[in-house]
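For reference, the structure discussed in these notes is given below.
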Amino acid sequence: MPDALTLDVIVGIDEAVKLFGKARPLFEGFAQALMAYFQTDPKLAPYIHFIKYRVKDPEHLRAKLIRKAKKGQIVNSNNLFDAITDLAGIRIIHLHTTQMKIIHQAISSILEEQQLRLVEDPNANCWDVEYEEIFKSYGIKPRSRPSMYTTVHYVIRANQKTNVTCEVQTRTLMDEVWGEVSHRVNYPEESKSVNCQDQLKVLARLTTGGTRLVDSIFSSHLEALSHGSNCEFRVLLPDALCVELMCQQKQWEGIPMLKGEGGIWTAVVWFPAGDHPYKFRINGAEWIVDPENTATKTIDGVVNSVVTIHKS
């Protein structure tokens with residue numbers, strides 16, 4: 001035990017760790033309950049790419065309390081559960097930033113339904129000015145971090161006699177890359193390598209750039225979806241054993257069609273706005289145009305049927 005700490009402080013840390021050891025099942029149970037609420041919520045679940053929970057290891061807690069004591073922050077059994085709010089933690093990984101708006105609304109609704117309280121207002125640890133404004137628009141207070149750490153934090157208190165809390169972190173998949181690397185080399189003690197510190201800052205910029213790119217990809221995708229529609233294809237081929245829809249939009253790869261009553265084969269495919277050449281392939285060999293569609297388009301000398309999808 002470090003000589004810089006007095007006996008009273010050391011004893012206080014030991015008592016705090018013992019207290020947590022006794023209460024640890026309560027933290028485990030609360031984290032598991034929150035996990036269940038999140039995973040079964042119909043609004044939140046579709047946006048969860050990955051979720052996990054953990055309860056702090058007692059020896060890791062002891063090391064943390066020692067570090068705090070060296071900085072003059074004394075934690076003992078009297079104030080442990082007030083001073084340390086991440087004894088239990090849940091991490092939710094999602095794909096892109098704009099999902100955070102719905103995630104925040106869903107988490108807030110879950111807490112209201114379960115009558116659970118936040119210890120403090122949710123905050124978004126970030127360093128990018130643009131994302132600070134995005135989080136503000138979602139009703140989440142941004143908090144600048146020199147470590148270039150990007151994540152949204154909730155500290156939730158259980159409705160029970162013991163002061164049990166759980167820290168919930170939500171971040172994008174790209175931000176998780178930086179978080180995992182930084183945690184391995186820069187926590188709990190910062191790396192003594194100046195190069196390593198610089199490289200972590202570069203990685204933060206790269207992962208933030210990656211997050212922006214993913215945001216843009218999904219934005220473009222959703223925009224395209226708003227300018228297209230599903231199209232049903234039908235063809236009467238009662239004697240065919242197999243019919244596939246072949247279309248340029250799908251790189252002419254066969255889309256299986258379903259045989260229905262009266263020998264009518266059908267398939268439903270989403271297309272963006274525009275003209276889409278297609279044909280039917282019978283029994284894996286013969287290609288035919290749509291006998292019910294007079295619109296055609298010739299590609300490389302080959303005549304194809306064509307369907308036009310208008311902007312919605």
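The values are calculated or read from the model by the stated rules, or taken from the named source; none is laboratory data. The model shown is predicted, which means the values in this text are computed figures rather than measured ones. With ideal geometry, Cβ positions are generated from the backbone for all residues, glycine too; neighbour counts draw on all protein chains shown.
Would you be able to tell me the number of residues in the stretch 270-305 that are in contact (Cβ under 8 Å) with a residue 12 or more places away in the chain and either of a type in the set (Asp, Glu) or not assigned by TED's automatic domain parsing to the domain that holds residue 257 (or both)?
3
Just checking, does the stretch 186-206 include any residue being surrounded by 13 or more Cβ atoms within 10 Å (Cβ to Cβ) and either in a strand (DSSP E or B) or not assigned by TED's automatic domain parsing to the domain that holds residue 70 (or both)?
No - not one qualifying residue is present in the stretch 186-206.
Only one of these conditions is not met by residue 27: (1) surrounded by fewer than 16 Cβ atoms within 10 Å (Cβ to Cβ); (2) of a type outside the set (D, E, K, R); (3) more than 15 Å from the chain's Cα centre (by Cα). Which number is it?
Evaluating residue 27 over (1) surrounded by fewer than 16 Cβ atoms within 10 Å (Cβ to Cβ); (2) of a type outside the set (D, E, K, R); (3) more than 15 Å from the chain's Cα centre (by Cα) leaves (1) as the failure.
Go through the residues of the stretch 54-67 one by one and say whether even a single one is within 28 Å of residue 138 (Cβ to Cβ), surrounded by 14 or more Cβ atoms within 10 Å (Cβ to Cβ) and out of contact with any strand residue (DSSP E or B) (no Cβ under 9 Å at 6 or more places or on another chain).
No, every residue in the stretch 54-67 fails to be within 28 Å of residue 138 (Cβ to Cβ), surrounded by 14 or more Cβ atoms within 10 Å (Cβ to Cβ) and out of contact with any strand residue (DSSP E or B) (no Cβ under 9 Å at 6 or more places or on another chain).
Pick from 78, 125: which is closer than 24 Å to residue 30 by Cβ, modelled with pLDDT under 95 and either surrounded by 13 or more Cβ atoms within 10 Å (Cβ to Cβ) or charged (D, E, K, R) (or both)?
125
Listed here are the residues, each with its yes/no results for (1) polar (S, T, N, Q); (2) closer than 17 Å to residue 83 by Cα; (3) not in a helix (DSSP H, G or I).
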site: 5; (1), (2), (3): no, no, yes
site: 8; (1), (2), (3): no, no, no
site: 52; (1), (2), (3): no, no, yes
site: 60; (1), (2), (3): no, yes, no
site: 64; (1), (2), (3): no, yes, no
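Test residue 175 against the stated conditions and say whether it is touching a residue at least 24 places away in the same chain (Cβ under 8 Å), among the charged types (D, E, K, R) and touching a His at 6+ places or on another chain (Cβ under 9 Å).
no
Quick one: is residue 164 buried (at least 18 other Cβ atoms within 10 Å of the Cβ), out of contact with any Ser or Thr (no Cβ under 7 Å at 6 or more places or on another chain) and not small (Gly, Ala, Ser)?
On the way: buried (at least 18 other Cβ atoms within 10 Å of the Cβ): yes; out of contact with any Ser or Thr (no Cβ under 7 Å at 6 or more places or on another chain): yes; not small (Gly, Ala, Ser): yes.
So residue 164 fits the description; yes.
Can residue 167 be described as assigned by TED's automatic domain parsing to the domain that holds residue 30, in contact with a Pro (Cβ under 9 Å, 6 or more places away or on another chain) and either of a type outside the set (Phe, Trp, Tyr) or not in a loop (DSSP other than H, G, I, E, B) (or both)?
It is false that residue 167 is assigned by TED's automatic domain parsing to the domain that holds residue 30, in contact with a Pro (Cβ under 9 Å, 6 or more places away or on another chain) and either of a type outside the set (Phe, Trp, Tyr) or not in a loop (DSSP other than H, G, I, E, B) (or both).
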